[in-house]
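Q: Got a structure here, written out as structure tokens. Questions coming.
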Amino acid sequence: LNTVLQAQAAPLSNVQMSSKVTLVFPRFVYRNLGMPLGFLWVAGVLEKAGVEVTFLDGTFLSREQVLERLCISKPLIVFFSLQSVFADETFKLVKEFKALNPNSKVIMGGPHPTLLPSETLSMEGVDIIVTKEAEATVQELVHAIENKEDLHNVQGIGFKDASKKNVF
């Protein structure tokens, strides 16, 4: 992706990250061939920071194919770009994936979690939401997850604390 995207992000504190992150654009319904440019920008920011990134586009894959690929690759983090029109199918996928991979962190970003943060975070299997612009937050968030740091210090997110209470 770096050859396609030239993200202007500097690595966080010059720390080289190595997490395995899979970005999923879950366009399983209302398919068209428009590129998810904002989400690809997020991929570029992560790759520039040294994160191993895989991108799965539901425009070209079924929900079952995405689930199969996620279960094979077992990423540390799965980040979904969520528009409300894709929410039902995406939440089904997340529930199935987390049942098989409970240690992976599931992050939701995009318009749906930005407009409906509490509802999105309360969905089964969702660990973290990113509100507003993900490229401003995702590098710090991946670093915090990878290093098991306190998420309270990451701006622009919501998450479930140890007692499963939503924190914004």
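The values are calculated or read from the model by the stated rules, or taken from the named source; none is laboratory data. Values in this document were obtained by computation on a predicted structure and should not be read as measured data. Cβ coordinates were reconstructed from backbone atoms using ideal geometry, including for glycine residues, and neighbour counts include every protein chain displayed. Surface accessibility is based on the protein's heavy atoms, side chains included, excluding ligands, DNA and RNA. Shrake-Rupley method; radii C 1.70, N 1.55, O 1.52, S 1.80 Å.
Q: For the chain, with all protein chains present and a 1.4 Å probe, just round the carbon and sulfur fraction of the accessible area to a whole percent.
A: With neighbouring chains kept in place, the figure for the chain is 54 percent.
Q: Report the gain in length on full extension from F60 to K92: 0.36 nm times residue separation, minus Cα-Cα distance, nm rounded to one decimal.
A: Details: separation 32, 0.36 × 32 = 11.52 nm, distance 1.81 nm.
Full-extension gain reported as 9.7 nm.
Q: Can you tell me the FRET efficiency between E133 and E52 if r is taken as the Cβ-Cβ distance and R0 is 25 Å, rounded to the nearest 0.05?
A: So, using R0 = 25 Å, E works out to roughly 0.65.
Q: What residue among W41, H143, F97 has its Cα farthest toward the positive end of the dipole of the chain, where the charges are +1 on Lys, Arg and -1 on Asp, Glu, each on the Cβ?
A: F97
Q: Residues in the stretch 62-80 near a label at N103, defined as backbone nitrogen under 15 Å from the 7 Å Cα→Cβ point?
A: 71-78
Q: Mind checking the log10 I(q)/I(0) for the chain at q = 0.08, 0.10, 0.15, 0.16 Å⁻¹? Debye, one equal scatterer per Cα, no solvent, two decimals.
A: With no solvent term, the Cα-only Debye profile gives -0.20, -0.32, -0.77, -0.89.
Q: Where the only charges are on Cβ atoms (+1 Lys, Arg; -1 Asp, Glu), what is the dipole of the chain about its Cα centre, to the nearest 20 debye?
A: On the way: 16 positive and 18 negative charges, 45 e Å.
About 220 debye.
Q: Write down the accessible area per residue of the chain in Å², having rolled a 1.4 Å probe over the full set of protein chains. Don't skip to the answer; put the middle values down first.
A: Working: 8520 Å² over 168 residues.
Heavy-atom accessible area per residue stands at 51 Å².
Q: Still on this structure, please answer the following. Sum up the charges of everything whose Cβ sits under 15 Å from the Cβ of A162, counting Lys and Arg as +1 and Asp and Glu as -1, but leave A162 out.
A: Net of charged neighbours comes to +1.
Q: Order E68, E89, E96, most accessible first, counting only protein heavy atoms with a 1.4 angstrom probe.
A: Ranked from most to least accessible, the order is E68, E96, E89.
Q: Moving to a separate point now. At 222 nm, what helix-only mean residue ellipticity would the chain give, in deg cm²/dmol to the nearest 500, using -39500 (n - 2.57) for each DSSP H run of four or more?
A: -9500 deg cm²/dmol
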